[in-house]
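Trainee: This is the structure I have questions about; it appears just below.
The values are calculated or read from the model by the stated rules, or taken from the named source; none is laboratory data. Note that the coordinates shown come from a computational prediction; the quantities given were computed from them, not determined experimentally. Don't worry about glycine lacking a Cβ; one is built from the backbone with ideal geometry, like all the others, and counts go over all protein chains shown.
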Amino acid sequence: MSSHVDADRSFAGGGRAVSQGKHAAVRRRHEKILELIQVGGFVAVGDLAGRFSVTPQTMRRDINILAEQGLLQRFHGGVGPALSTENVAYTDRKILCRDEKRRIARDMAQFIPPKSSLFINIGTTTEEVAQALMNHERLRVITNNLNVAKILTGHSNIELIVAGGVVRHRDGGIVGEAAADFIRQFKVDFGIIGISGIDMDGTLLDYDYREVRAARAIIENSRKVFLATDHTKFGRNAMVRLGHLSEIDALFTNRMPPAALEAVLKEAEVALHVAGG
C-alpha cells in the first residue's frame with residue numbers, strides 16, 4: 001500500500017494553492033476525517049475533535065480547509081459529504097493526492113504492452129497515466145483530453161488522435177455528443193478512464209453528463225477497461241451515473257477500498273491493483 005505524501009496542503013478561495021502544512025500528521029488527520037464522513041455521513045464537530053484529541057478550534061480549521069477544497073460540506077454543528085453537483089477546481093485536483101496518482105499511473109503503465117491502442121479520457125489521474133506512458137513503444141492513443149494531448153505531443157513513438165467536440169475551459173476536457181460520436185469510430189485494446197466518485201454499491205459517478213457520454217463510448221469500445229482513481233473517490237458523491245464497477249476489467253488505486261466496494265469487485269471479478277501494495 002502506498003506511503004503518505006510529505007505535507008498537508010491547504011487552500012484559500014479561488015482554487016489557488018497558498019500554503020503547505022508543516023506536519024504530515026495534519027494531512028493524515030484530514031484523510032481520516034474524510035473517511036469517517038464517507039462511511040457515516042453527518043458527523044458532529046465535537047465528536048471529530050474528541051476522536052482526534054484536538055481542540056474544537058483546530059477541528060474547525062481542518063473542516064474549513066477541506067470545505068474550501070470541496071471535499072466536504074459544513075452544516076450547523078457538524079459536517080457531511082460534499083455536494084454532488086460541483087467538482088473540485090481543476091487546479092486543486094492537480095495537487096490533491098498528486099504523489100498517489102503518480103504511483104497509480106506507474107502501476108497501470110506496466111500493464112500496457114508496446115504496440116497497443118488505447119483511449120485516455122478526462123481527469124488528473126489519467127493525465128498522470130499519459131506521463132507514465134511517454135516512453136512506451138508504438139502506441140496509438142485517442143483522447144478527449146487536451147492536457148493528455150499536450151503531454152504526448154512530439155513523441156515519435158506515439159500516434160496521437162484527438163477527439164472533436166466542445167472544450168471545457170476549466171480543464172481542457174472535450175465533451176458532448178460530437179466527442180462521443182468520434183470515439184465510437186474506433187475499437188481499441190485499452191480504455192483508460194478516471195472517475196469523480198464511486199458509490200458503495202459500485203456505481204461510477206461523475207459531475208458532467210456531457211463528459212459521461214464520452215466515457216460511456218470509451219467503455220463500450222474498449223476490449224479492456226482500466227479505471228484509475230485514488231482512494232478519496234471511494235464513497236464520494238457526484239450527480240451523474242456513468243456505469244458500474246462490473247463494467248471495468250481492473251481498478252488501479254493507492255489504497256484498499258472499503259469492505260463494501262471490495263465485495264463488489266470480487267463479485268464482479270474485477271482485478272484490483274493497489275500501488276505499492
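Trainee: Do you know which residues across the stretch 142-163 are in contact with a Gly (Cβ under 9 Å, 6 or more places away or on another chain) and either acidic (Asp, Glu) or not in a strand (DSSP E or B) (or both)?
Mentor: Across the stretch 142-163, the qualifying residues are Asn144, Leu146, Asn147, Val148, Ala149, Lys150.
Trainee: Another question, then. Specify which of the listed residues (Leu265, Leu251, Leu261) is assigned to a helix (DSSP H, G or I), modelled with pLDDT of 95 or more, among the aliphatic types (A, V, I, L, M) and within 21 Å of Glu35 (Cβ to Cβ).
Mentor: Leu265
Condition check ((1) surrounded by fewer than 16 Cβ atoms within 10 Å (Cβ to Cβ); (2) part of a strand (DSSP E or B); (3) at pLDDT 85 or above) across all residues:
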{"residue": "Leu34", "(1), (2), (3)": "no, no, no"}
{"residue": "Val39", "(1), (2), (3)": "yes, no, no"}
{"residue": "Gly46", "(1), (2), (3)": "yes, no, yes"}
{"residue": "Arg51", "(1), (2), (3)": "yes, no, yes"}
{"residue": "Ile65", "(1), (2), (3)": "no, no, yes"}
{"residue": "Gly70", "(1), (2), (3)": "no, no, no"}
{"residue": "Asn87", "(1), (2), (3)": "no, no, no"}
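Trainee: Those residues that are closer than 18 Å to Lys233 by Cβ and of a type in the set (Ser, Thr, Tyr), I need them from the stretch 206-222; list them, please.
Mentor: Tyr207 - this is the single residue of the stretch 206-222 that is closer than 18 Å to Lys233 by Cβ and of a type in the set (Ser, Thr, Tyr).
Trainee: With the condition kept exactly as written, say whether any residue in the stretch 219-236 is closer than 12 Å to Ile192 by Cα, assigned to a strand (DSSP E or B), of a type in the set (Lys, Arg) and without any contact (Cβ under 8 Å) to a residue 40 or more places away in the chain.
Mentor: Yes, because at least one residue in the stretch 219-236 is closer than 12 Å to Ile192 by Cα, assigned to a strand (DSSP E or B), of a type in the set (Lys, Arg) and without any contact (Cβ under 8 Å) to a residue 40 or more places away in the chain.
Trainee: Can you tell me which residues in the stretch 222-255 are in contact with a helix residue (DSSP H, G or I) (Cβ under 7 Å, 6 or more places away or on another chain), farther than 22 Å from Arg210 by Cβ and not β-branched (Val, Ile, Thr)?
Mentor: Correct list: Phe226, Asp230, Phe234, Gly235, Leu245, Ser246, Leu251, Phe252, Asn254, Arg255.
Trainee: Yes or no: Ile122 crowded, with 17+ Cβ neighbours inside 10 Å and in a loop (DSSP other than H, G, I, E, B)?
Mentor: yes
Per-residue answers, yes or no, for (1) of a type in the set (Lys, Arg); (2) outside the structural domain of Ile37 (by TED's automatic domain parsing); (3) out of contact with any Asp or Glu (no Cβ under 6 Å at 6 or more places or on another chain); (4) under 15 Å from Ile122 (Cβ atoms):
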position: Gly197; (1), (2), (3), (4): no, yes, yes, yes
position: Tyr207; (1), (2), (3), (4): no, yes, yes, yes
position: Arg210; (1), (2), (3), (4): yes, yes, yes, yes
position: Glu247; (1), (2), (3), (4): no, yes, yes, no
position: Val270; (1), (2), (3), (4): no, yes, yes, no
